[in-house]
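Participant: The structure is given below, and queries will be raised subsequently.
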Amino acid sequence: MISFKLLSEAGHLPAINKGTGAWFGSKTLNVDIGQNTVLLLRSPDGSFGAAISSSDSANAYKQTLVHLIKTTVARFSREGFPAALMEAAIVGGADNARWKWDRMLEIVKNDFTNIKKFDEGGLYYRTIHFDPKSGLVTVARKQANPNDWNPASANLSLESGTKGFSEGHAGGVVANATRFFREKTSFTALREVVIPTHLAETPDEPFLFWSAACSAGAEAYSYAMYIHRLLTRAKATCPFKVFATDINQKLIEGAKNGEYKANKNDIKEYRAYFQRYGEISGETVRFGKEIRQFISFGTFDLKQRPRRKGFRMIVCANVFQYYDDEARTHFLENFISAVRRPGYIFVGPVRDPIIHALRLKKLAKYKMLMVE
Ligand SMILES: C[S@@+](CC[C@H](N)C(=O)[O-])C[C@H]1O[C@@H](n2cnc3c(N)ncnc32)[C@H](O)[C@@H]1O
């Protein structure tokens with residue numbers, strides 16, 4: 001019978017296998033499952049076992065798993081164990097990759113009955129040892145930093161994604177992690193391309209910037225401070241504004257306060273900015289009136305066509321990975337309708353056929369798209 005043992009958080013298990021695969025054995029299987037979910041299979045006599053896991057994103061996840069399970073069942077069958085006899089357990093899967101747990105259950109529930117379930121949820125990276133002989137699965141886990149988490153893709157549709165995110169989560173994914181000065185190449189692009197272009201082409205026109213899906217607002221303050229600094233240095237005379245929106249009203253209400261708990265590293269790294277545009281007390285950063293006047297916060301669902309136009313740059317970072325291609329295309333069409341040409345759009349992953357169909361130019365160095 002498959003049973004479960006959790007090591008203390010400091011416990012450590014070396015792992016040999018990692019990523020996507022089906023691993024077989026009669027002796028211990030050592031697998032680094034990260035934040036993924038793993039399916040364990042065992043012959044009733046313990047002579048043979050398998051561990052199946054995939055770090056693929058949603059598009060490929062189901063396909064990969066179905067293939068791996070098929071291969072595994074065939075292998076067990078050759079060893080003399082039909083699927084109906086196998087013992088099965090599902091282990092692991094962090095809260096923010098919850099959809100993997102759900103999808104795996106959905107995929108395997110008809111093949112294996114009486115599936116055991118162990119150590120679901122939490123924000124952990126896990127390594128496991130599975131000993132088919134004794135049936136014991138030993139799990140070691142390490143706390144994960146939610147900001148490090150790359151959800152790969154939740155592949156949500158426009159409807160389910162927007163509905164979920166307005167309530168603060170989608171597809172089981174709690175996804176509003178954000179940080180100060182997060183997407184480094186977007187700041188480089190502002191400095192090297194976007195602001196110089198604006199000042200060369202329309203020096204007297206307002207510089208309008210949209211932080212679309214700004215979460216709790218650290219992003220908006222970061223861009224406002226950076227743009228203010230660049231324009232001041234360039235002795236520019238144009239006014240500027242950062243429009244900062246998110247679908248989640250609670251986040252926007254918090255962002256308007258302009259007060260943040262910053263971690264020690266942020267304070268160390270961005271002290272000059274925080275002191276110039278606000279004040280630091282302990283681990284709290286409070287932004288002052290001067291910078292706040294340049295930011296306009298509001299709730300907005302990216303599904304809607306924006307009424308405001310004339311943005312020189314739109315940043316919609318760490319959002320596209322949650323949505324399917326249709327939703328991504330829809331968001332991009334909305335952004336294209338809202339930029340001043342040449343316009344710059346910084347978003348997450350977009351497939352080349354979409355970029356071509358929308359006649360966008362890729363600026364690979366900055367991971368940015370351009371509307372000519
Ligand atoms: C992971 S956070 C990214 C925040 C910030 N852009 C960053 O990179 O740090 C994703 C944000 O997207 C927002 N979001 C998701 N779907 C949205 C939509 N349809 N319209 C507006 N905001 C959306 C969520 O509410 C969440 O705050």
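Participant: Find the residue count for the stretch 223-250, including only residues that are near the ligand (Cβ under 9 Å from one of its atoms) and not in a loop (DSSP other than H, G, I, E, B). Lay out the reasoning, then the answer.
Facilitator: Pass one, the stretch 223-250, residues near the ligand (Cβ under 9 Å from one of its atoms): 245-248.
Checking the rest, the ones that are also not in a loop (DSSP other than H, G, I, E, B) come to 245-246.
Result for the stretch 223-250: 2.
Participant: Just the residues that are under 18 Å from the mean Cα position of the chain (by Cα) and not in a loop (DSSP other than H, G, I, E, B), please, taken from the stretch 87-101.
Facilitator: Pass one, the stretch 87-101, residues under 18 Å from the mean Cα position of the chain (by Cα): 93-101.
Result: Asp95, Asn96, Ala97, Arg98, Trp99, Lys100, Trp101.
Participant: For Asn334, only one of the following conditions fails: (1) within 13 Å of the ligand (Cβ to nearest atom); (2) in contact with a helix residue (DSSP H, G or I) (Cβ under 9 Å, 6 or more places away or on another chain). What is its number?
Facilitator: Of the numbered conditions (1) within 13 Å of the ligand (Cβ to nearest atom); (2) in contact with a helix residue (DSSP H, G or I) (Cβ under 9 Å, 6 or more places away or on another chain), the odd one out for Asn334 is (2).
Participant: Ala84: surrounded by 22 or more Cβ atoms within 10 Å (Cβ to Cβ) and not in a loop (DSSP other than H, G, I, E, B), yes or no? Break it down into steps so the answer makes sense when it comes.
Facilitator: On the way: surrounded by 22 or more Cβ atoms within 10 Å (Cβ to Cβ): no; not in a loop (DSSP other than H, G, I, E, B): yes.
So Ala84 fails the test.
Conditions tested, residue by residue: (1) modelled with pLDDT of 95 or more; (2) closer than 30 Å to Glu201 by Cα; (3) within 15 Å of the ligand (Cβ to nearest atom).
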position: Asn257; (1), (2), (3): yes, no, no
position: Ile291; (1), (2), (3): yes, yes, no
position: Thr299; (1), (2), (3): yes, no, yes
position: Arg308; (1), (2), (3): yes, yes, yes
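Participant: Looking at the stretch 237-255 only, could you name the residues that are in contact (Cβ under 8 Å) with a residue 40 or more places away in the chain and among the small types (Gly, Ala, Ser)?
Facilitator: Answer for the stretch 237-255, where residues must be in contact (Cβ under 8 Å) with a residue 40 or more places away in the chain and among the small types (Gly, Ala, Ser): Ala244, Ala255.
Participant: Applying the selection to the stretch 159-187, what residues are more than 8 Å from the ligand (Cβ to nearest atom), at pLDDT 80 or above and not in a loop (DSSP other than H, G, I, E, B)?
Facilitator: Glu159, Lys163, Lys184, Thr185, Ser186, Phe187 - these are the residues of the stretch 159-187 that are more than 8 Å from the ligand (Cβ to nearest atom), at pLDDT 80 or above and not in a loop (DSSP other than H, G, I, E, B).
Participant: Looking at the stretch 59-79 only, could you name the residues that are surrounded by fewer than 20 Cβ atoms within 10 Å (Cβ to Cβ) and either in contact with a Ser or Thr (Cβ under 6 Å, 6 or more places away or on another chain) or among the polar types (S, T, N, Q) (or both)?
Facilitator: Our first condition is that a residue be surrounded by fewer than 20 Cβ atoms within 10 Å (Cβ to Cβ); within the stretch 59-79, this holds for 59-60, 62-64, 66-68, 70-71, 73-75, 77-79.
Across the stretch 59-79, the qualifying residues are Asn59, Gln63, Thr64, Thr71, Ser77.
The values are calculated or read from the model by the stated rules, or taken from the named source; none is laboratory data. Since the model is a prediction, treat every value here as computed from it, not as a measurement. Positions of Cβ are generated from backbone atoms using ideal geometry, with glycine treated the same way; all protein chains shown enter the neighbour counts.
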